[in-house]
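Written out below as structure tokens is the structure these notes cover.
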Amino acid sequence: MDFVHIPVLLNESIKALDIKPDGKYLDATMGGAGHSEQIAKLLTTGRLFSVDKDPDAIAAGSKRLKKYSCVTIIESDFSQVHNHKDKYDITDLDGILMDLGVSSHQLDTPERGFSYHNDAFLDMRMSKSGVSAYDLINNLEKDEISRILFEYAEESFAGKIARNIVEYRKKKAIETTGELVEIIKNSLPEKVKRKEKHPARKTFQALRIAVNDEMGVLERGLDSLFSLLKPQGRLAVISFHSIEDRIVKRKMAYWAKPCVCPPSFPICVCDKEKTAKLISRKPIVAGDDELSQNSRSRSAKLRVCEKI
């Protein structure tokens with residue numbers, strides 16, 4: 001299957017980056033390379049570094065972007081880009097884009113195990129390496145499974161689902177997405193199942209986040225990537241659920257504050273300096289045209305800041 005991914009908030013994110021033809025840019029989450037290609041088209045003597053940890057994305061991106069001599073493709077987690085900065089001169093960047101959404105390719109390729117619509121091995125690893133959803137579901141304690149489901153997806157029936165998972169695996173290992181979906185369905189009241197878009201949606205989201213340590217990677221990656229920007233360089237981040245958006249919002253607000261002392265302090269003693277200004281105080285969201293063409297853009301939020 002081809003690596004297909006419709007870039008979300010494409011025009012808005014490119015505008016936010018304020019592309020300079022001779023600038024240096026980083027697409028920290030290349031995916032299907034839609035954003036990367038649009039940036040590359042606007043460069044003359046500039047450079048673009050396109051990064052992804054998914055081998056499928058690297059293969060597809062290399063094919064799509066091969067006609068652009070300004071592009072360097074790097075297989076890496078975005079939180080580890082700093083390890084490549086000396087080799088590729090990834091410093092003093094004019095702009096960085098992060099699209100945090102799981103790609104259409106990952107969701108629509110059954111064997112990747114991200115989707116609750118197809119029966120496949122419980123995988124969910126973006127990098128195709130490391131601990132899988134199978135490992136978590138079959139080895140974690142009940143309380144830890146419950147914590148993951150509630151913390152990463154606000155699943156109201158996290159405890160019941162976790163108990164039923166542990167009971168089921170006493171008989172046999174839970175190997176497939178289909179098996180897990182049935183366990184989840186049997187854990188929810190009928191009225192809840194009727195209201196939900198899909199009863200397994202929240203559980204699958206939470207597991208994907210846990211498998212890929214998405215929140216930890218995001219926390220580390222934001223600081224690491226921000227340090228690679230030059231003054232007046234911009235960071236644009238597209239998030240798709242409230243947990244991600246809160247992390248991005250909080251981090252950018254912290255950079256934009258000149259002081260973090262408690263309000264009760266008569267004078268500042270923290271010695272913190274303001275390192276960024278907010279370009280968008282409120283998140284930028286998809287317009288009606290994009291919403292009608294791509295339903296996955298409905299939950300997308302774009303936040304932008306500029307390094308001082």
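The values are calculated or read from the model by the stated rules, or taken from the named source; none is laboratory data. Keep in mind that what you see is a predicted model, and the values were worked out from it rather than measured. Virtual Cβ from ideal backbone geometry, glycine too; neighbours counted across all protein chains shown. For accessibility, only protein heavy atoms count, side chains too; no ligands or nucleic acids. Shrake-Rupley method; radii C 1.70, N 1.55, O 1.52, S 1.80 Å.
Remarks
- Nonlocal amide H pairs with residue 24, under 5 Å, H built at 1.01 Å: 47, 94, 95
- Angle between the chain longest axis and helix 55-65 axis [Cα atoms, degrees, rounded to 10]: 40
- The per residue volume of the convex hull around the alpha-carbon atoms of segment 165-308 is 203 Å³.
- All-pairs alpha carbon distance profile, segment 17-66, 5 Å steps from 0, percent: 5, 24, 34, 21, 12, 5
- Whichever aspartates and glutamates have a C-alpha closer than 20 Å to that of residue 272, once near sequence neighbours (fewer than 8 apart) are set aside: 219, 223, 306
- Diffusion constant of the chain at 10 °C, which comes from Stokes-Einstein with the Kirkwood Cα-pair radius and 1.306 mPa s, µm²/s: 77
- Protein heavy-atom surface of segment 5-112, 1.4 angstrom probe: 48% of the accessible area is carbon and sulfur, with nucleic acids and ligands not counted.
- Translational D in µm²/s for segment 64-220 (Stokes-Einstein at 10 °C, 1.306 mPa s, Kirkwood Rh from C-alpha pairs): 91
- A simple spin-label model places pseudo-atoms 7 Å from Cα toward Cβ; at residue 219 and residue 6 they are separated by 3.4 nm.
- Length gained when the stretch residue 175-residue 197 is fully extended (0.36 nm per residue, less Cα-Cα span): 5.5 nm
- Within the shell of other residues whose beta carbon sits under 13 angstrom from the beta carbon of residue 258, the net charge comes to +2, with Lys and Arg scored +1 and Asp and Glu -1.
- Selected from 131, 71, 51 as most flexible by GNM, with the chain as the system and alpha-carbon contacts under 10 Å: 131
- For the chain, the longest principal axis of the alpha carbon atoms and the long axis of helix 214-226 meet at an angle near 0°.
- Overall form of segment 92-182 per C-alpha gyration tensor (a/c, 1.5; a/b vs b/c): prolate
- Nearest-20 debye value, segment 1-99 charge dipole, Cβ charges on Lys, Arg, Asp, Glu: 360
- Sequence-ordered 3J(HN,Hα) estimates for segment 239-247 from the Karplus curve with 6.51, -1.76 and 1.60 and θ = phi - 60° stand at 10, 10, 8, 4, 5, 4, 4, 5, 4 Hz, glycine and proline given as x.
- Apportionment of accessible area to carbon and sulfur, segment 116-173, percent (1.4 Å): 48
- About its Cα centre, the chain has a charge dipole of approximately 680 debye under the convention of +1 per Lys or Arg Cβ and -1 per Asp or Glu Cβ, with nothing else charged.
- Note on segment 183-243: Rg/Rh from C-alpha atoms, Kirkwood Rh, equals 1.21.
- With distances taken between every two different alpha-carbon atoms, segment 82-139 has a Kirkwood hydrodynamic radius of 14.0 Å.
- Viscosity 0.890 mPa s, 25 °C: Kirkwood-radius Stokes-Einstein D of segment 12-114 over Cα pairs, µm²/s: 178
- Per residue accessible area of segment 25-172, 1.4 Å probe, in Å²: 45
- Summary value for the chain: 18 percent relative contact order, contacts being C-alpha pairs under 8 angstrom separated by 6+ residues.
- Computed from the C-beta positions of residue 268 and residue 15, the FRET efficiency with R₀ = 51 Å rounds to 0.90.
- Modelled FRET efficiency - R0 41 Å, residue 92 with residue 151, Cβ distances, 0.05 increments: 0.65
- Relative contact order (percent, whole number), segment 136-233, Cα cutoff 8 Å, 6+ residue spacing: 29
- Across all directions, the average projected area of the convex hull around the alpha carbons of segment 136-219 is 5.4 nm².
- Note on the chain: GNM, Cα springs under 10 Å; of 208, 47, 169, the largest mean-square fluctuation is that of 169.
- With a threshold of 27 Å on the Cα-Cα distance, the over-threshold entries among 202/274; 63/87; 41/307; 191/249 are 202/274; 191/249.
- Spread over its residues, the convex hull of the C-alpha atoms of segment 226-300 is 124 Å³ per residue.
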